[in-house]
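The values are calculated or read from the model by the stated rules, or taken from the named source; none is laboratory data. All values reported here derive from a predicted model rather than from experimental measurement. All Cβ positions, even for glycine, are placed from backbone atoms using ideal geometry, and neighbour counts span all protein chains on display. The accessibility values were calculated without ligands, DNA or RNA, using every heavy atom of the protein model including side chains. Shrake-Rupley method; radii C 1.70, N 1.55, O 1.52, S 1.80 Å.
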Amino acid sequence: MTEKEEKTYSISELAKEFDITTRSIRFYEDQRLLAPLRSGQTRIYSKRDRVRLKLILRGKRLGFSLAETGQLFELYDADKSSVTQLSTMLKLIEQKKIELHQQMDDIKVVLMELVTVEKRCRDTLADAKQSKTA
């Protein structure tokens with residue numbers, strides 16, 4: 001396939017494929033993460049745009065901000081050898097792992113507190129029911 005024959009996608013096709021709204025796709029475009037061609041008012045998305053959209057959604061799922069994803073796209077565009085991109089990605093991954101471990105620790109503490117409060121509530125409820133029947 002030549003460049004002119006390369007598969008293109010409409011905004012509706014991408015929205016349906018990735019189960020997101022067209023508004024989300026336009027938002028990513030506003031954030032300069034996607035740059036579709038235009039034919040009048042119609043957006044024409046390339047294979048590159050489709051891959052970027054997939055990476056944006058994967059990054060979001062992994063907890064990366066749109067700014068972080070945009071930074072990686074910029075690095076890749078500037079350095080096709082991707083040495084800089086991979087180094088930056090490794091730093092971002094390490095930071096994300098630290099954040100997630102902290103969140104897990106925080107969740108464990110909250111769960112322990114909830115178990116304690118739940119036990120107190122159950123004990124108080126049992127005492128109240130027992131007092132009422134006595």
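Observations on the structure shown:
- Full extension of the chain segment joining E113 with S65 gains 14.3 nm, where the gain is 0.36 nm per residue of separation less the Cα-Cα distance.
- Over 27 Å apart at the Cα level, from the set K7/K54; K16/K96; K96/K119; K7/K96, are K16/K96; K96/K119; K7/K96.
- Heavy-atom accessible area, probed at 1.4 angstrom with all protein chains present, ranks D127, D19 as D19, D127, highest first.
- For A128 and D106, the FRET efficiency from 1/(1 + (r/R0)^6), where r spans their Cβ atoms and R0 equals 35 Å, is about 0.60.
- Length-normalised contact order for segment 10-80 - Cα pairs under 8 Å, 6+ apart - percent: 24 percent
- If the convex hull is drawn through the Cα atoms of segment 43-92, its volume per residue in Å³: 80 Å³
- Per-residue ellipticity at 222 nm computed for the chain from its helices equals -24500 deg cm²/dmol, with DSSP H segments shorter than 4 residues left out and the rest contributing -39,500 (n - 2.57).
- Compared with the direct C-alpha span, the chain from Q41 to T84 gains 11.8 nm at full extension, assuming 0.36 nm per residue.
- FRET efficiency for R120 and K97, using Cβ-Cβ distance with R0 set to 41 Å, rounded to 0.05: 0.70
- Positive dipole terminus of segment 43-134, leading residue within L72, T133, Q102 (C-beta point charges): L72
- What the pair-distance distribution of the chain shows, using all Cα-Cα distances binned every 10 Å from zero, is 10, 27, 22, 14, 10, 9, 6, 2, 0 percent.
- Probe 1.4 Å, accessible area per residue of the chain, Å²: 78 Å²
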